[in-house]
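For reference, the structure discussed in these notes is given below.
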Amino acid sequence: MGAIATDPTNTEPFARLLHAASRHPLIRREITPDMIPEGWDVQRTWAALMRVRGAQGFFTPYLVLTDTHHPECITVPASLQASLARIGSITQHGSRLDTLVGAYQDCRFITQQYIDEILTNLRLDGFPTDHETVRAVLVGEREPLGTAETITHNFHEIMNALGDYEGRVICPALIREMYVRLNAGIPQNVAPIIDPTYPVNNYHDEFGMGANPSLDRLLDVESQLARGELTEAEMHPILLSMLVNCFFWRFSPFPRLNNFMGCIVSRLFLYQHGFPAFRYVPKAWLYTEWARGNVADVIPYRFDEAVAAGDDFDDYTALYDSIMRLMLMSVESMAADLERRDRADHAAIAAIDAVPWLNARQRQILREAIIKPDTTFHIKAHERRFGIANSTSRKDLADLRERGFLTLGYESSVYVYRASPNLRELLLAGTTAGHQAAGRA
């Protein structure tokens, strides 16, 4: 009777390999000698691991639109599970971040990450501009001028209005509606200027789509994907939202602004699944920074090695794990920034009550100026609001300007007052011109 052959995948070395792969993505170069079964080499061991992953992972649904590309597999090791859980807990409805975002949303909500995301999408879509331009549009310092600024304004308005779409089913008609809203005010003949040197600009070109599906077909498939009809039900919504986003990168269904549309539809998807704060979390910026090699100190994998090309399918586990690590760091940073801002605002509001020469109307103005720095105050509106004489209204606002709390401008033939850029610092320092004037009095 002959000897029974030993299956190398049932050996202790391969068990160590599987254990390591269950904890983090594990790419080919991380296979160590103690993970290789006797008589095997790295290549054969890697091929066996890929077969296991293919049996355990999720497959992306892009083959419904093309039959010229390998399937794509994603497994969910412990590291990816942990990132998804943590990002979800921070951005979910009712979280501390959700509360803070809600408190600041009406005052032209911006964070550095949000500006970076808009700048990246503008460049990817062929309408580059600069940081200060985006910031000025977001905070409402002036009306948008030109295509890039109009896109910025429209995108921001859509993000702030996602709640209006919460009860609507993601379908081709809704996607078209949002595309029209994103393009509002932009002439149809304005074409993007794509920078071919910018990473992932032509990301979809490498996939050899073969047939060119119609726009209706593309949007129908995208809608099914966003409704979770083309993937396993167990896939985490944040992970699925990445596939929704990638659809627009790869297939470019619209004549322009496909990167922005990917952001919009994927964020609406997450809003509807209970993660409203995620609409201000960057995706394209993080992905691009990684592709450009700017996060080598925090991500163990290079962008070019994160996708493992196999004979039967491509493994995207390391890519998604890396993006989620970056996303988690960004979410935590954004939450910390807003906490600091909230503490500073509360301290400044408390300082308002410590200024004895302010009347109740002026205190209310300063409270609003702290929470909503872009709020404008008008003499007539102040007069009507508090039922006071015109002269009293003028004196209230003029005094606040004289003491350095407000600035004076001129818009649409009327004078307008706004918060001084250093209002918080003036209040917290306790040495404002108003304090000094009161002391002299």
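The values are calculated or read from the model by the stated rules, or taken from the named source; none is laboratory data. For clarity, every value in this text was computed on a predicted model and none was experimentally measured. Cβ atoms come from the backbone with ideal geometry, glycine included; neighbour counts cover every protein chain shown.
Here the condition is being in contact with a helix residue (DSSP H, G or I) (Cβ under 7 Å, 6 or more places away or on another chain) and modelled with pLDDT of 90 or more; of Ser241, Ser252, Ser223, it holds for Ser241 alone. The conditions of being polar (S, T, N, Q) and at pLDDT below 90 are met by Asn202.
Would you confirm, using the coordinates I've provided, whether Thr317 is among the polar types (S, T, N, Q), over 26 Å from Thr150 (Cβ atoms) and either in contact with a His (Cβ under 7 Å, 6 or more places away or on another chain) or surrounded by 16 or more Cβ atoms within 10 Å (Cβ to Cβ) (or both)? Yes.
For Arg135, are the conditions met, namely being over 18 Å from the mean Cα position of the chain (by Cα), surrounded by fewer than 20 Cβ atoms within 10 Å (Cβ to Cβ) and modelled with pLDDT under 95?
Answer is no for this residue.
Every residue, every condition in (1) surrounded by 19 or more Cβ atoms within 10 Å (Cβ to Cβ); (2) modelled with pLDDT under 95, yes or no:
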{"site": "Ser89", "(1), (2)": "no, no"}
{"site": "Leu100", "(1), (2)": "yes, yes"}
{"site": "Ile110", "(1), (2)": "no, yes"}
{"site": "Phe155", "(1), (2)": "yes, no"}
{"site": "Tyr165", "(1), (2)": "no, yes"}
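The helices (runs of 4 or more DSSP H) falling completely within region 351-436 that include 1 or more residues that are over 18 Å from Val139 (Cβ atoms) and among the aromatic types (Phe, Trp, Tyr) map to 379-386. What is the residue count in region 151-179 for residues that are under 26 Å from Ala277 (Cβ atoms) and over 17 Å from the mean Cα position of the chain (by Cα)? Qualifying residue count for the region: 13. Looking at Ala55, Ala21, just one residue is assigned to a helix (DSSP H, G or I) and surrounded by 14 or more Cβ atoms within 10 Å (Cβ to Cβ), and that residue is Ala21. Scanning region 254-268 for residues that are crowded, with 23+ Cβ neighbours inside 10 Å and either in contact (Cβ under 8 Å) with a residue 60 or more places away in the chain or assigned to a loop (DSSP other than H, G, I, E, B) (or both) yields a total of 9.
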